[in-house]
Amino acid sequence: MPVACRARAGTPDARSSGMHYESMDIIAWLIVGLVAGVLASLVMGGFGLLADIVVGIVGAFVGGWLFRYAGWHAPFTGLAGTIFIAFIGSLILLALLRLFRGARRY
C-alpha cells in the first residue's frame, strides 16, 4: 500500500477502521455461537435461543482449548472449521450442564 494511503496510529482513519473490525468480530462470534449452539441443541436439547448462543460461544472456547491441547485440527478450514470446533465444544458443554443439572434434582 502506498505511504500516502496508510493510516497512522492515533489518526481518526486508524481508529475508525479498527472499530469496524471489532464490530465485525463481535458479529462473527455471535453467528458462530448461534450456529454451533443451535446445532448442539438439536442434538442434545437446548435451553432457548439466547442460552444456545451463549452455549455456542462458550463452547467455542471449550472446543478451541480441547483441540489445541490435544493437538487436533479441524477437518475444515475457515468459518466451517470454526463452527465445527465450536459445535464439538458446545456438545461437551451441554453434556456437562446436563450432568450437573441432573445431579441437583432430587
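The values are calculated or read from the model by the stated rules, or taken from the named source; none is laboratory data. These numbers come from a predicted model, not from an experiment. Virtual Cβ from ideal backbone geometry, glycine too; neighbours counted across all protein chains shown.
Among the residues making up the range 28-62, none is closer than 11 Å to Leu94 by Cα, modelled with pLDDT of 90 or more and of a type in the set (Phe, Trp, Tyr). Of the candidates Leu50, Leu99, Leu79, Leu66, the single residue that is farther than 9 Å from Ala36 by Cβ, touching a helix residue (DSSP H, G or I) at 6+ places or on another chain (Cβ under 7 Å) and part of a helix (DSSP H, G or I) is Leu66.
Pairing residues of the range 48-62 that are within 20 Å of Ala80 (Cβ to Cβ) with residues that are not in a helix (DSSP H, G or I), at Cβ distances under 9 Å and at least 6 apart in sequence or on separate chains, gives Asp52/Gly46; Val55/Gly46; Val55/Phe47.
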